[in-house]
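What follows is a single structure, written as structure tokens, with notes after it.
The values are calculated or read from the model by the stated rules, or taken from the named source; none is laboratory data. Because the structure is predicted, anything quoted here is derived from the model rather than measured. Neighbour counts are summed over all protein chains in view; Cβ atoms, including those assigned to glycine, are modelled from backbone coordinates with ideal geometry. Accessible surface areas use protein heavy atoms only, side chains included; no ligands, DNA or RNA. Shrake-Rupley method; radii C 1.70, N 1.55, O 1.52, S 1.80 Å.
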Amino acid sequence: LGDGFSTPSIANGRVFVMGNVGGDECLLALSEQDGRRIWSAKLGKGGEAGGFAGPRSTPTVDGVNVYALGVFGELICANVEDGKVIWRKNLPADFGGSVGGWGYCESVLIDGDELICSPGGKTTFAKLNKKDGEVIWKTQVPNGDQAHYASSITVEIAGVRQYVNFLSGGVVSVAAKDGKFLWRYDAPHNNTANCSTAVYADDHVFAASAYSTGGGTAKITASDGNFSAEQVFFSRNMKNHHGGIILLEGYVYGSNEGLMTCLDFKTGKVAWD
């Protein structure tokens with residue numbers, strides 16, 4: 001499998017994973033039954049980002065196609081059967097993308113017939129046609145946040161479908177329809193690495209990071225078509241670095257610098273750790 005930090009996706013009897021193999025950054029398809037390699041698709045030349053070698057994104061499988069994003073911003077769409085590359089983009093070259101020192105880690109989001117990614121910098125979010133890679137829209141939010149190491153989620157607030165990602169300066173939302181900037185919540189970010197994908201429920205969003213920061217919940221409200229994020233609480237008891245956060249039945253589960261912790265999603269009270 002080569003070097004890398006990619007986690008696998010499993011679909012239709014196949015395991016899809018990424019790695020640096022023979023000097024190249026590759027997307028691999030393995031048999032779920034016996035682990036044999038079925039095919040390999042090259043993204044680009046392999047290498048190190050931030051002192052670590054290999055890709056760190058999870059492939060996104062959608063029907064007959066699989067999508068993979070390399071650490072240097074190579075994005076491919078490949079056929080799940082034979083690995084033939086259908087289209088490719090390079091986030092820095094094609095979108096003026098900018099990412100933190102550990103490279104692109106995002107797992108791209110498929111929303112119906114469209115793909116959403118976060119190049120960062122000049123293009124905070126981009127929406128592409130998932131079948132051919134054609135650009136539907138691209139947008140830059142205020143502050144021009146770099147991409148960091150989390151992935152986008154979809155939310156719907158006050159009837160408006162939105163894409164939300166945790167970027168270099170905070171949690172940012174844009175309208176799914178046209179990429180219009182809607183709101184941001186900056187308190188959970190740190191200036192080194194924001195790694196964990198935000199979670200959402202009932203007009204509230206939670207995000208957290210490490211480096212002595214912590215996490216908080218903000219309530220998102222709409223008035224006359226304008227959105228705002230108002231912090232409900234902020235807790236130093238959820239300095240979640242890697243591994244992500246789970247929201248289940250009103251409680252947030254994550255890591256507080258290695259200590260497994262459960263918080264009330266809307267109050268921040270520690271249920272246990």
Considering only strands (runs of 3 or more DSSP E) wholly within segment 93-189, the ones with at least 1 residues that are open to solvent by less than 10 Å² (accessible area, probe 1.4 Å) are 114-117, 125-129, 153-157, 160-167, 170-175, 181-185
For segment 26-45, the count of residues that are small (Gly, Ala, Ser), open to solvent by less than 20 Å² (accessible area, probe 1.4 Å) and more than 13 Å from residue 10 (Cβ to Cβ) equals 2
Scanning segment 242-273 for residues that are among the charged types (D, E, K, R) and open to solvent by 80 Å² or more (accessible area, probe 1.4 Å) gives 249, 257, 266, 269, 273
Residue pairs within 7 Å by beta carbon, gap of at least six or interchain, first lying in segment 248-273 and over 17 Å from residue 195 (Cβ atoms), second open to solvent by less than 70 Å² (accessible area, probe 1.4 Å) and among the acidic types (Asp, Glu), listed first then second, are 250/264; 251/264; 271/264
Selection from segment 61-78 of residues under 24 Å from residue 23 (Cβ atoms) and either buried (at least 24 other Cβ atoms within 10 Å of the Cβ) or not charged (D, E, K, R) (or both) yields 66, 67, 68, 69, 70, 71, 72, 73, 75, 76, 77, 78
Output for Cβ contacts, cut-off 8 Å, separation at least six or different chains, first residue over 21 Å from residue 154 (Cβ atoms) and of a type in the set (Ser, Thr, Tyr) in segment 201-220, second part of a strand (DSSP E or B) and modelled with pLDDT of 95 or more, reads 209/166; 209/215
Quiz item: Does segment 87-104 contain at least one residue that is β-branched (Val, Ile, Thr), over 18 Å from residue 169 (Cβ atoms) and at pLDDT 95 or above?
Solution: no
If we keep only residues of segment 211-223 that are in a strand (DSSP E or B) and farther than 14 Å from residue 266 by Cβ, then the residue least open to solvent (accessible area, probe 1.4 Å) is 214
Pairs returned, first residue in segment 119-145 that is in contact (Cβ under 8 Å) with a residue 40 or more places away in the chain and within 14 Å of residue 181 (Cβ to Cβ), second residue that is of a type in the set (Asp, Glu) and open to solvent by 70 Å² or more (accessible area, probe 1.4 Å), beta-carbon separation under 7 angstrom, 6 or more apart or interchain, are 137/178
Those residues of segment 9-25 which are more than 17 Å from the chain's Cα centre (by Cα) and open to solvent by less than 50 Å² (accessible area, probe 1.4 Å) amount to 11, 13, 14, 15, 16, 19, 20, 21, 23, 24, 25
- Query: Within the bounds of segment 224-240, is there any residue that is without any contact (Cβ under 8 Å) to a residue 40 or more places away in the chain, within 30 Å of residue 122 (Cβ to Cβ), assigned to a strand (DSSP E or B) and open to solvent by 50 Å² or more (accessible area, probe 1.4 Å)?
  - Reply: yes
Among residues of segment 200-210 being hydrophobic (A, V, I, L, M, F, W, C) and either modelled with pLDDT under 95 or surrounded by fewer than 24 Cβ atoms within 10 Å (Cβ to Cβ) (or both), the residue nearest to residue 268 (Cα to Cα) is 201
Here the residues within segment 215-258 that are farther than 28 Å from residue 161 by Cβ, over 20 Å from the mean Cα position of the chain (by Cα) and modelled with pLDDT under 95 are 257, 258
Going through segment 41-98 in order, the residues found to be under 17 Å from residue 30 (Cα atoms) and of a type in the set (Asp, Glu) are 62, 81, 82
